[in-house]
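What follows is a single structure, written as structure tokens, with notes after it.
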Amino acid sequence: MSTTAEASVDPYAEAPSASPVRFLYRLNPLAKLAAPAPAMLLLVFVRDAATPAAFLALAYAVLLIGVRLTRRLALALFVGIPAAILILGVGFSLWTDPTRIDASAPVLEVGGWTLYRGMLEVGFATALRLGAIVALSLVVGLSTTGPDLVRSFVQQLRVPYRIGYTALAAFRFVPRFAYELDVIRQAHRVRGAHGGRGPFAAIARWWGYLVPLLAGAIRHAERVALAMDARAFGAYPDRTERYLVPWRRRDTVFVAAFLIVSAMIFALLYPWGL
């Protein structure tokens, strides 16, 4: 199986080993989900640029301290997200209706079209909001494994285990599909099927992948269903958990501290201007 594809999407992947300073790996997944959730929700309703910039800085600080900084993460934090904010900011600025903003100084004039400073402010404020929400979501996304997240939902939130573990089993299909797609591609390449270049050849290739991939998915789903039935999955209302994901005092401290800092940012900047 393609190890690269598994490492990128496998929800069963083990959490990377890290020093004790990387505290996010030792927190309950629900704590990492609950702490930034209110800020992510409120950021949808703010319109200034300072508030999302402050939460973006907060998310970066938590991530740089709490998770192991790999090359891929550094590339995402210092290149990917800033580049996305820049591109989205320019795009939203160009998309902003100039008649819906207050009169402001023109920045660029091309023929009869004028780019005003207010359009840039609206565009980059929107892009910063999206960047801050994405960065806050990485607090739980980069330090939590799929099984631990499901276990915490089942153990703390009392989500029925039939739903939680079934969803996790379905998500486990993703690396399996990636592996089977790779095998099908290699088989087609060996047979010389659907060669050539261009969009029509690409459509023909993907159409040729679809049927064997769907057949493999049905076979795998049947095997998983039989295996779950053989283990009496769902026969009882409760399930004995082999791995416990407890809620500890440090989880409460993290949630409380994050909420306090979030409230201070909103109180100091007060982005609604009422």
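The values are calculated or read from the model by the stated rules, or taken from the named source; none is laboratory data. The structure presented is a predicted model; accordingly, all values stated were derived computationally and were not measured. Reconstructed Cβ throughout: ideal geometry from the backbone, glycine too, with neighbour counts over all protein chains shown. Note: areas computed on protein heavy atoms with side chains; ligands, DNA, RNA excluded. Shrake-Rupley method; radii C 1.70, N 1.55, O 1.52, S 1.80 Å.
Taken as a whole, the condition of being part of a helix (DSSP H, G or I), of a type outside the set (Asp, Glu) and farther than 18 Å from ALA53 by Cα does not apply to ARG158. Tell me, please, whether a residue that is modelled with pLDDT of 85 or more and out of contact with any helix residue (DSSP H, G or I) (no Cβ under 8 Å at 6 or more places or on another chain) can be found in the stretch 100-109. Checked against the condition, which is being modelled with pLDDT of 85 or more and out of contact with any helix residue (DSSP H, G or I) (no Cβ under 8 Å at 6 or more places or on another chain), the stretch 100-109 yields no hits at all. For first residues located in the stretch 142-154 and more than 22 Å from LEU63 (Cα to Cα), partners that are among the charged types (D, E, K, R) and at pLDDT below 85 and lie 6+ apart or on another chain with Cβ distances below 8 Å form the pairs ARG151/GLU241; VAL154/ARG239; VAL154/GLU241. Filtered by the rule that a residue be free of Cβ contacts under 8 Å to residues at least 40 places away in the same chain, part of a helix (DSSP H, G or I) and open to solvent by 50 Å² or more (accessible area, probe 1.4 Å), the stretch 172-206 gives VAL183, ARG185, GLN186, ARG189, VAL190, ARG191, PRO199, PHE200, ILE203, ARG205, TRP206.
Scanning the stretch 210-227 for residues that are within 29 Å of the chain's Cα centre (by Cα) and either of a type in the set (Val, Ile, Thr) or more than 18 Å from TYR179 (Cα to Cα) (or both) yields ILE218, VAL224, ALA225. Among residues belonging to the stretch 88-117 that are of a type in the set (Val, Ile, Thr) and touching a residue at least 12 places away in the same chain (Cβ under 8 Å), point out the one that is most open to solvent (accessible area, probe 1.4 Å). Looking at residues that are of a type in the set (Val, Ile, Thr) and touching a residue at least 12 places away in the same chain (Cβ under 8 Å), I get VAL107.
Condition check ((1) within 30 Å of LEU24 (Cβ to Cβ); (2) among the acidic types (Asp, Glu); (3) assigned to a helix (DSSP H, G or I); (4) open to solvent by 90 Å² or more (accessible area, probe 1.4 Å)) across all residues:
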residue	(1), (2), (3), (4)
GLY208	no, no, yes, no
ALA217	no, no, yes, no
ALA221	no, no, yes, no
LEU226	no, no, yes, yes
ALA256	yes, no, yes, no
VAL261	yes, no, yes, no
LEU268	yes, no, yes, yes
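Take the conditions (1) aromatic (Phe, Trp, Tyr); (2) open to solvent by less than 50 Å² (accessible area, probe 1.4 Å); (3) within 30 Å of LEU69 (Cβ to Cβ); TYR161 misses just one of them, which is (3).
Considering LEU168, LEU120, LEU149, the condition of being over 23 Å from the mean Cα position of the chain (by Cα), buried (at least 16 other Cβ atoms within 10 Å of the Cβ) and of a type outside the set (Val, Ile, Thr) is satisfied by LEU120 alone.
Restricting ALA54, ALA34, ALA59 to those that are in contact with a helix residue (DSSP H, G or I) (Cβ under 9 Å, 6 or more places away or on another chain) and surrounded by fewer than 20 Cβ atoms within 10 Å (Cβ to Cβ) reduces the list to ALA34.
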